[in-house]
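Some notes on the structure that comes next.
The values are calculated or read from the model by the stated rules, or taken from the named source; none is laboratory data. Note that this is a predicted model, so its numbers are computed, not measured. Here Cβ is always computed from backbone atoms with ideal geometry, including for glycine, and neighbour counts include all displayed protein chains. The protein model used for the area step is the full one, side chains on, heavy atoms only, and it has no ligands, DNA or RNA in it. Shrake-Rupley method; radii C 1.70, N 1.55, O 1.52, S 1.80 Å.
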Amino acid sequence: MAVAIIRILNNSLTMKFIIGDVLIIIFILFITRLPQSFSTTEAIQPSLTRLDSKRSSPSVQESAAKAVLGRLLPTHLHSFHFKIVSEDVCGGQGCFLIENYDGPTENGPEILIKGTTAVEIASGLHWYIKYFCGAHVSWDKTGGVQLASVPKPGSLPLVKDSGVLIQRPVPWNYYQNVVTSNSYVWWDWERWEKEIDWMALQGINLPLAFSGQEAIWQKVFMGFNISMEDLNDFFGGPAFLAWARMGNLHTWGGPLSKNWLKQQLVLQKKILSRMLELGMTPVLPSFSGNVPAALKTIFPTANITRLGDWNTVDSDPRWCCTFLLNPSDPLFVEIGEAFIKMQIKEYGDVTDIYNCDTFNENSPPTNDTTYISSLGAAVYKAMSNGDKDAVWLMQGWLFYSDSTFWKPPQMKALLHSVPVGKMIVLDLFADVKPIWATSSQFYGTPYVWCLLHNFGGNIEMYGTLDAISSGPVDARISKNSTMVGVGMCMEGIEQNPVVYELMSEMAFRKEKVQVLEWLKTYTHRRYGKSVQQIKEAWAILYHTVYNCTDGIADHNIDFIVKFPDWDPSINFGSRPSKLNSMHTFRSRTRSRRFSFQERSSDLPQAHLWYSTHEVVNALKLFLAAGNDLAGSLTYRYDLVDLTRQVLSKLANQVYLDAINAFRRKDVKALNIHSQKFIQLIKDIDVLLASDDNFLLGTWLESAILLAENPSEMRQYEWNARTQVTMWFDTTPTNQSKLHDYANKFWSGLLEGYYLPRASSYFSYLSKSLEKNESFKLVEWRKQWISFSNKWQAGLELYPVKAQGNFLTIAKALFDKYLS
């Protein structure tokens, strides 16, 4: 009890409450005796009330919701009437209501949708389109919405009885990971507008808003005598900003031009304005301690530490070993306060919620709980000095990734270092490794149940639909639950739409979803009709591809896109050393791997959690539905993706066949298998080229179009090419430790990059057998790294429009490889 009293007294001091000691002790004794669920609910209510007061007026929100409708269904602009209502109408919760419009309907409204914010109204519109019209709004790479047929104005389906009321079981629906920006780095306002529309339709009301922060940092740091030249050594390039912000690297891909800084700040203001119009609460960044090197010279007595290397090849100081200002230093609070105030000056008073991840992949120097508590208090003080109502939102990834450090005492010290209700934790990996269940509900701290799902923006059909359909419900109804939201925190977007469709619905569902039944309605909506073969195919996919239960973080290392860098002739009995992922701890947590068929410990092993034979049968059923669905863009996407999935897993086995032939010194078999692997790359490239969502060209074009001069064009294209290939630094004989971290199955990337790599590698293997000499791994690396450097700096154009008949191509490849 004494420790608790001291802790809360300290928290009270950071809040600058001037209360007599006796009153404080009485208050503490009262609080510690409150039921945990009551404390949590009551603790966040003041924040919810304040955030409600920051929202746009009902008329502004109604107009914003109407504008979403106009962009989504312009032909039905007058078919719906929208109205903002009080939470009192919804039992004190966020909700939407769908009713028949009570009034003249000729050439006018047919359906009335009420909601507590414009987000709820948009969610109600989406719900009506899905469950009353049987239509589907899909999220594609171009940001457009593909809408299956909706009844014409004047003939919309009516709602039975008194209508439909859907309440949020928890207040918040969070969106984005701090590294999701790797997906949207090249977006302009037109693309962002479509994304925010999508957010509103999915019910997202707590989105991360990280764009443009470098322009804010420029203004703040210049106030501390940091020059633009110093900042050029601090900021990363556009495609690597997420990792520069976290202090993992500096300078790589930079510098940032004045045009970029100005452009992104203008864009951020548009993003925030639209979010506010729709009733969303944006989450802004805060200071985590990452500082320019020059600050150490300007403030020589400041407690600034140079961090260790983070994945460079040889600890190159040009990119590695950033500087961290210790939160215990008074300068930390000063800079953090200045940053919050500068954001308020630029954007207005738009939020009270700020993200900070000081200890993400960066453990404190000691596990002393008093010290950890003081650090947490200092981080919060920096926020609250800038915004007295600040709430700290923290990604809980550290409690999973560095669990050897964050034991219960250390977790409690950090989580309890701020006033109750002033911290929200994202249970980032709750879909696979929920921390709430093993930490007594984060020891009473409010948290958001999050789906992480994707690493590196890789393209792989993967999911945990059962966990998604039940996990948030189990967490919410558990004893003493402190859950206050659900969220989607994927590292990369634009993949596995079924996963995010279901997860978005969990923001409005109080009961568990029967996934198989849900999939029947989902596929009917998605393709515009019910087809028996599709139902059967999705039943298979649900039990295989989308039912991963092995607990492995799925980071795609299929050999086409993550080609092993090793000498198979000398690695008997040990794992290849180059199958690394971005963070070494991720490799440590992946205790189980499965190859396509065999499980030899000294062979590269790609993640496989399902029967490939069953998924081939699903593909066969998909192809059989081609005559009925050939005109559906969503069917095209899914068929191309499923064919790619099947063939990429086949290629894994073909690769292993080639390696085993090499080990047997069977030149003929090696050539047969290696040529088959190479042909698979070529064929998959042709397949991917038949759908606009799988093109390298659109990624590169978006980077180029954002540039304002030739120098920026070259820099941005290099950033775009490098992020999806080598990623980080190299030496003449060593690939980046992060090569292929953000690998993509994109047409153009397979033919132009992955194909030459595999071809040269197998050529070296073959020559070593023919000449009866050792495999020249270093020589291959030299050739490959040289090629990669040239490709990254290349300017060749790639198609930005789909080519070929997807169905014809998919059928031909099935016959060629699988029949």
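For Lys114, a cut-off of 12 angstrom between C-alpha atoms picks up these aspartates and glutamates, skipping any fewer than 8 places away in its own chain: Glu62, Glu87, Glu99.
Per residue, the accessible area of the chain comes to 37 Å² when a 1.4 Å probe rolls over the protein heavy atoms. Positive end of the dipole of the chain (Cβ unit charges, origin at the Cα centre): among Trp746, Leu777, Gly492, the Cα lying farthest that way belongs to Leu777. Specify whether the C-alpha gyration tensor of segment 692-819 places it in the rounded, prolate or oblate class, a ≥ b ≥ c being the square roots of the eigenvalues: rounded for a/c under 1.5, otherwise prolate if a/b is larger than b/c and oblate if not. Because a/c hits 1.5 or more and a/b fails to exceed b/c, segment 692-819 counts as oblate. Pairs over the 22 Å Cα-Cα cut-off, from the set Lys130/Lys649; Lys269/Lys422; Lys219/Lys269; Lys258/Lys801; Lys130/Lys535: Lys130/Lys649; Lys269/Lys422; Lys258/Lys801.
Note on segment 334-411: Lys pairs 8 or more places apart or on different chains, Cα atoms under 21 Å apart, count 4. Between Gln715, Leu619, Trp243, the Cα set farthest toward the positive side of the dipole of the chain (charges on each charged residue's Cβ, about the Cα centre) is that of Leu619. Per the Kirkwood formula applied to alpha carbons, segment 46-129 shows a radius of gyration over Rh ratio, Rg over Rh, of 0.99. Placing unit charges on the Cβ atoms of the charged side chains and taking the dipole of the chain about its Cα centre, the candidate lying farthest along the positive direction among Phe224, Tyr131, Val448 is Val448. Two tests apply to each whole DSSP H helix in the chain, Cα reach of 30 Å or more along its axis and mean Kyte-Doolittle hydropathy of at least 0.5, and the ones passing both are 667-688. About the centre of its Cα atoms, the chain shows a dipole size close to 1040 debye [charges on the beta carbon of Lys, Arg (+1) and Asp, Glu (-1) only; nearest 20 debye]. What does the charge count near Ile166 come to, summing +1 for each Lys or Arg and -1 for each Asp or Glu among other residues with Cβ under 14 Å from its Cβ? In short, 0.
By DSSP, the beta bridges lying fully in segment 52-190 are antiparallel in about 70 percent of cases.
Say the cut-off is 19 Å between C-alpha atoms; which of Lys562/Lys744; Lys668/Lys767; Lys194/Lys512; Lys676/Lys816; Lys665/Lys776 go over it? Violating the 19 Å Cα-Cα cut-off are Lys194/Lys512.
Rounded, prolate or oblate: which fits segment 185-247 when a ≥ b ≥ c are the square roots of the eigenvalues of the alpha-carbon gyration tensor, with rounded for a/c under 1.5 and prolate only if a/b beats b/c?
Prolate, because a/c is 1.5 or more and a/b exceeds b/c.
Which percent of Cα-Cα pairs in segment 57-189 sits in each 5 Å bin, short to long? Answer for segment 57-189: a P(r) of 2, 10, 18, 21, 20, 14, 9, 4, 2, 0 percent. Summarising the strand pairing of the chain, around 40 percent of its internal DSSP beta bridges are antiparallel. The structure-derived value of Rg and Dmax of the Cα atoms in Å appears in the list (1) 27.0, 88; (2) 31.7, 117; (3) 47.7, 173 under the label (1).
Classified by the C-alpha gyration tensor, segment 602-670 has a prolate form. Its axis ratio a/c, with a ≥ b ≥ c, is 1.5 or above, and a/b is larger than b/c.
For a straight C-alpha distance cut-off of 12 angstrom, the aspartates and glutamates reachable from Lys520 (same-chain residues fewer than eight places away being disregarded) are Glu536. Heavy-atom surface analysis with a 1.4 Å probe gives segment 134-274 a carbon and sulfur content of 52 percent of its accessible area. Determine the calculated [θ] at 222 nm for the chain from helices alone, applying -39500 (n - 2.57) to every DSSP H run no shorter than 4 residues and normalising by the residue count; nearest 500 deg cm²/dmol. Dividing the helical sum by the residues of the chain leaves -14500 deg cm²/dmol.
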